[in-house]
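The values are calculated or read from the model by the stated rules, or taken from the named source; none is laboratory data. Everything quoted here is computed from the prediction, not taken from an experiment. Heads up, the Cβs are rebuilt from the backbone with ideal geometry, glycines too, and the neighbour counts pull from every protein chain shown.
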């Protein structure tokens, strides 16, 4: 089983795959704060602790089979278009993407339509790149609840999202990680900015 050593306070804040790497950050460091976890989700939640910023170098501790994505959605009332912004991390580095869409079946969902589009894009990219685990950071609870069935999907957009998730969940493990909206998380804010830029807002 994989182990993740999360260093919240140490020489270099981050997530490490071995005790030796972790020990190098905390041994002899006054008031070091660190903990071992069995999942990346638990480790990142411990690291971020109240949505503190996670640095690029920590993301680079990812395995070759893993991808991290931060997504957000936006909506333009005047043009009835929605968009998403995505910040993606793999062992190859950081990438960003944004896209504007206008599906009349979805516009009544406003920015949530963009959130769903961003989630689907991230899942598609993870599969396309041969990853088997996606850590999906989102700020709208429906992204997780509709996918897992905790919320009933009763609109066209949510039904299609649930259908898509069900079609890929056996090939891709999606770890849903909730972030407080506009709480100062660096990559969530970047995804929000990308979504707005796609709509010229």
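The table for this structure:
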quantity: Tally of residues being modelled with pLDDT of 85 or more, out of contact with any strand residue (DSSP E or B) (no Cβ under 7 Å at 6 or more places or on another chain) and surrounded by 14 or more Cβ atoms within 10 Å (Cβ to Cβ) across region 22-57; calculated: 3
quantity: Some residue of region 54-70 being touching a helix residue (DSSP H, G or I) at 6+ places or on another chain (Cβ under 6 Å) and over 23 Å from residue 17 (Cβ atoms); calculated: no
quantity: Meets criteria (at pLDDT below 95, in a helix (DSSP H, G or I), within 15 Å of residue 89 (Cβ to Cβ) and assigned by TED's automatic domain parsing to the domain that holds residue 77) for residue 121; calculated: no
quantity: Of all residues making up region 1-21, the number that are touching a strand residue (DSSP E or B) at 6+ places or on another chain (Cβ under 8 Å), surrounded by fewer than 16 Cβ atoms within 10 Å (Cβ to Cβ), modelled with pLDDT under 90 and under 19 Å from residue 64 (Cα atoms); calculated: 2
quantity: Criterion (surrounded by fewer than 16 Cβ atoms within 10 Å (Cβ to Cβ) and assigned to a helix (DSSP H, G or I)) met by exactly one of 166, 170, 200; calculated: 166
